[in-house]
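The values are calculated or read from the model by the stated rules, or taken from the named source; none is laboratory data. Because the structure is predicted, anything quoted here is derived from the model rather than measured. All Cβ positions, glycine included, derive from the backbone under ideal geometry; neighbour counts span all protein chains shown. Heads up: the accessible areas ignore ligands, DNA and RNA and are worked out on the full protein's heavy atoms, side chains in. Shrake-Rupley method; radii C 1.70, N 1.55, O 1.52, S 1.80 Å.
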Amino acid sequence: MDFGKTQISFSEERAMLLDAAQGLCADLSPIDKVRSLLEDDIGYDETAWQQMVEMGWTGLALPESVGGSDFGLGALVPLFECMGKRLLTTPLMSTVLAAECLRRTGDPAAVTSLEQIAAGAKATVAFVEADDWGSQHLTTRIEDGKLQGSKRHVADAADATIFVIPAMREGVKVLAIVRGDQIDTACRTKHDVLDATRRAQSITLDIAEADITVIASNAEKALEETQLIGALLVAAESTGAAVSCLNVTVDYLKTRKQFGRLIGSYQALKHPSVDILCAIESSKSLIYQAATELNADALSRDARIACHMAKSKASETLVFAGDRAVQFHGGMGFTYECDAQLYLRRGLWAQQAFGDPMHHRKRLAQLILDDEQV
């Protein structure tokens, strides 16, 4: 039985990116800043976004021909791990996924949008329109000279200037590139997201085909691979958030006294804390092993295995860490003023984003098991 490669490499470039990201994210997103943005309409600080653009993060994985740095997809993993650790939310994930989706089509018509993204344009992919995330059925269509349909839970849609819209045209799946100003305010509905650091909208589309750019090359394959890359980036974010969640919990265990003793001295609290630490280390190994396998070409079998494993493990790790953090903080942990709530909500959102653990384990089994064993 072939479980794929297990090699992990961490280049000097990635180490430098990790150091830079840790410093920047710490400066941009102290916990009081995170809380100040929970009720904000766009949910992030524009200054933080501009600093990320200046650091070249939007074009980090893009080729130099469109203004990117050509560092490869693996370079994004340490960035999102650091962002997760500080609960720093910007449109970066939506933007890099939109860029990756367009780049993977190999269509020359995508070049202009890729150049804009590398220069700092905000973008998003409208993945969802059916009730089931796993459904491949698209009701959004290009016919009779119009793009018509609706998309649900479009991440960071409020401020995006480039929308990548999966649709059907003459029975073939395509990608439509739509400008943000082509979607009227009346055609947008704001969503309340469990993780209050996130923003999403539902959108309704009724746009003339002549006013959009349609990409037919490799659209289905590009979408499928982009969703798996998105799962890995969420896993990296979740791993970073789990680290901070554990730190918050341990700090509380070392200061809170009950019955004359620090509660951290009780084995019933020590052992779960060690379980969280072990799960974090496993998650880190899996996300960086996936980063090692990623490249600019089509995802290999080994890369797919690594991405599925990383997402299924990391999302469970953060939910477990968040749940224990709430419980260990006692009655205070169940109030929204306790930071443990932020990590638990992030974990519950991340667990479902781009497929839950069962979704990824089913696909992992298909990759690992041969026909006879199935």
Within the stretch 223-252, which residues are farther than 30 Å from Arg304 by Cβ and either acidic (Asp, Glu) or free of Cβ contacts under 8 Å to residues at least 40 places away in the same chain (or both)? Asn247, Val250, Asp251
Name the single residue that is farthest from Asp275 (Cα to Cα) among those in the stretch 231-261 being part of a loop (DSSP other than H, G, I, E, B) and among the charged types (D, E, K, R). Arg256
Tell me, please, whether a residue that is among the basic types (Lys, Arg), modelled with pLDDT under 95 and either within 17 Å of Cys307 (Cβ to Cβ) or loosely packed, with under 15 Cβ neighbours inside 10 Å (or both) can be found in the stretch 9-29. no
Inside the stretch 140-180, can you point out the residues that are part of a strand (DSSP E or B) and in contact with a helix residue (DSSP H, G or I) (Cβ under 7 Å, 6 or more places away or on another chain)? Ile142, Lys146, Leu147, Ala155, Ile162, Phe163, Val164, Pro166, Lys173, Val174, Leu175, Ile177
Can you report the number of residues in the stretch 188-223 which are open to solvent by 30 Å² or more (accessible area, probe 1.4 Å) and under 22 Å from Gln148 (Cα atoms)? 16
Check on Gly72, out of contact with any strand residue (DSSP E or B) (no Cβ under 8 Å at 6 or more places or on another chain) and at positive phi: yes
Has the stretch 350-372 got any residue that is among the basic types (Lys, Arg) and open to solvent by less than 20 Å² (accessible area, probe 1.4 Å)? no
For the stretch 24-36, enumerate the residues that are assigned to a loop (DSSP other than H, G, I, E, B) and within 19 Å of the chain's Cα centre (by Cα). Ser29
Looking at (1) closer than 22 Å to Glu12 by Cα; (2) surrounded by fewer than 22 Cβ atoms within 10 Å (Cβ to Cβ); (3) out of contact with any Gly (no Cβ under 9 Å at 6 or more places or on another chain), which is the one condition that is false for Pro108? (1)
Could you list, in sequence order, the residues of the stretch 111-129 that are of a type outside the set (Phe, Trp, Tyr), surrounded by 18 or more Cβ atoms within 10 Å (Cβ to Cβ) and farther than 18 Å from Gly56 by Cβ? Thr124, Val125, Ala126, Glu129
Could you grab the pairs with beta carbons closer than 6 Å, sequence gap of 6+ or different chains, first residue in the stretch 253-274 and more than 22 Å from Leu318 (Cβ to Cβ) and open to solvent by less than 100 Å² (accessible area, probe 1.4 Å), second one among the charged types (D, E, K, R) and assigned to a loop (DSSP other than H, G, I, E, B)? Ile263/Arg256
Using the structure shown, decide if Cys278 is open to solvent by 10 Å² or more (accessible area, probe 1.4 Å) and either at pLDDT 95 or above or outside any helix (DSSP H, G or I) (or both). yes
Here the residues within the stretch 45-88 that are open to solvent by 50 Å² or more (accessible area, probe 1.4 Å) and of a type in the set (A, V, I, L, M, F, W, C) are Met55, Phe71
Scan the stretch 211-219 and tell me whether some residue there is in a helix (DSSP H, G or I) and modelled with pLDDT of 95 or more. yes
